[in-house]
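For reference, the structure discussed in these notes is given below.
Please treat every number below as a calculation from the coordinates, not as lab data. Computed from a prediction, not measured in an experiment: that's the story for all the values here. Quick reminder, even Gly has a Cβ in these numbers, built from the backbone with ideal geometry, and neighbours come from all protein chains shown.
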Amino acid sequence: MNTRQRPPTRSRRRAVLAVLASTCLFLGFLGFLAPTSQAVTAVGPKVTGPVTGGNGAVVLQGTTFDLGSVGYTQSEFFLSGTATSYTSAAPLGSDGRWEVTSASTASYTTRIVMNRPSNPARFNGTVVVEWLNVSAGLDAAPEWIYTHNELIREGYAWIGVSAQAVGVTAAKAADPVRYAALSHPGDSYSYDIFSQAGQAVRDSAATVLGGLHPRTVLAEGESQSAFRLTTYINAVQPLAHTYDGFLVHSRAGFAAALSQAPQADVPTPAVVQFRTDTDVPVLTVQTETDLMLLGYLAARQPDTRRLRLWEVAGTAHADDYVANVGAPDTGDGTVSLQELDAMLAPPTGTSGFSCADPINTGPAHYVLDSAQHALRSWVTTGISPAEAPRLKVTSMDGAPAFVLDANGNATGGIRTPAVDAPVATLSGLGQTGSAQFCFLFGTTTPFTSAKLAALYPTHAEFVRQWATRTAAAVAAGTIRPADAADLVKAAARSDIGG
């Protein structure tokens, strides 16, 4: 049960302000509240749907299997209202303690996509709201792809939000009939649109969630969406109090602009930390790529009562799971063996996209499953995840570099069997492919047959070491027991060792 008192919703704040406004004794108090209240949307969003028509399908890059086969259902809704952009009287500082106010308003109509258990009894009370990623020029749901196994088996509801103009434009181009009503005023308004999506989950649950009653609403985003969530956490969450917790995956050392053209430009610094006075938990999961190539190393900060950082060894900003095997993964355990095999014969990319070197086949999605569980537990019970060690970094010729073990894998950080009972060197670095985004996919260097035989003289020895390291990760809270069972089965079914 969630014992943490949630900050007042917008509707409750509006009711309070109405009472105060009717009583002249409180006029001075209203004047004191004005800067904060004007930055909060005055009228809640309108939700319509479920959306049908057009080509008859939701336009979204996500999982590809039939959700009905795993007991889930999908619906799409339009979200419309008036959104606020933000500005700051002072330059935004690196400490994230930003004070912003409303700048302008604009009308909008966007869409949200909802996945939930078909059986209401399976709903665990938690809704994950993902800021859909638009790096590829269309809406994609990488966090749903990475973590859908945990979400489905534990009964979460998931909402994907087209918070940015690029996603809305791409959806309209893909299906002009279905999405004819969509209209986005620009990304300066994306932060308040995301707030209103979270508000709609609570206020319009009868429509959006088919009558399910949400108790906890979490915000999540990966890569470009994580850049924007960083700004949201520092600037907007202190005003809106919409979300109960945040999972920020693969952010950079910087953050997205608070406001941008055609509105006034309000940039963020080159290095941005999270503010340390957050009102809700923030769990950040970072890969090797994020630290070294996206500048997060400079933004590292200590854990606090409300902040946790997980740095995961052997991982890349994007990998084989999100590119190839994650979308069709129904959670039946077959992917664990596919991934183990892929470490020995890694792909260089995916359909229509190829890099010069084999891409990372590491364990990021298993750790992200645990991050989902850890964040929900943190919010609902108040028990924070254990502090995790940082990846070990040294200076080499004046430049930072990971400290590597004898097998070429990074030391420190969150550990998994993929790096502690390895069959390959897994890295978030080293990709030489020049195709767009290749540098984010890291590399996999399989061990030779001779090295594998030396490390694991018998198949039983490989299974023993893999199982031992898997158990250690479960004990540390960084691999879920269900995933661990699949990992150990995969090792037993492999022919590694001997």
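Give, as a single signed number, the net charge of other residues whose beta carbon lies under 12 Å from the beta carbon of Ser494, with Lys and Arg counted +1 and Asp and Glu -1. So the environment of Ser494 carries a net charge of -1. The ranking of His459, His184 from fewest to most other beta carbons within 10 Å of each one's beta carbon is His459, His184.
How much space per residue, in cubic angstrom, does the convex hull of the C-alpha atoms of the chain take up?
Normalising the Cα hull of the chain by residue number yields 147 Å³.
How far is helix 10-21 tilted off the main Cα axis of the chain, in degrees rounded to 10, range 0 to 90? Compared with the principal axis, the helix lies near 30 degrees. For Ser259, the residues 5 or more places off, or on other chains, whose built amide H falls under 5 Å of its own are Val266.
Between the amide H of Arg111 and those of Leu79, Ser162, distances stay under 5 Å, these residues lying 5 or more places away or on another chain, with hydrogens modeled in the peptide plane. Neighbours of Ser75, meaning other residues whose beta-carbon lies under 14 angstrom from its beta-carbon, give a summed charge of +2 when Lys and Arg score +1 and Asp and Glu score -1.
To the nearest 10 degrees, how steep is helix 27-37 against the longest Cα principal axis of the chain, on a 0 to 90 scale? The two axes meet at around 30 degrees.
With the simple model of a label 7 Å out from the Cα in the direction of the Cβ, Thr101 to Thr468 spans 6.3 nm. Using equal-weight Cα scatterers in the Debye expression, the normalised intensity of the stretch 131-180 in log10 at q = 0.19, 0.20, 0.22, 0.28 Å⁻¹ is -0.67, -0.71, -0.79, -0.98. Quick one: helix 142-154 against the long Cα principal axis of the chain, what's the angle to the nearest 10°, folded into 0 to 90? The angle comes out at about 90 degrees.
Count Lys and Arg as plus one, Asp and Glu as minus one, and take only other residues whose Cβ is under 12 Å from that of Phe462; the net charge is then +1. Would you mind pulling out the separation of the Cα centroids of the stretch 289-319 and the stretch 82-137, in Å? Using only Cα atoms to place each centre, the spacing works out to 22 Å. Dipole size of the chain about its Cα centre, with +1 on Lys/Arg Cβ and -1 on Asp/Glu Cβ: approximately 1480 debye, rounded to the nearest 20. Across all C-alpha atoms in the stretch 44-280, the radius of gyration and Dmax reach 16.9, 52 Å.
Here's the list of aspartates and glutamates a cross-link from Lys392 could span, going by alpha-carbon distance under 18 Å and ignoring same-chain residues fewer than 8 apart: Glu288, Asp290, Asp303, Glu311, Asp405, Asp420.
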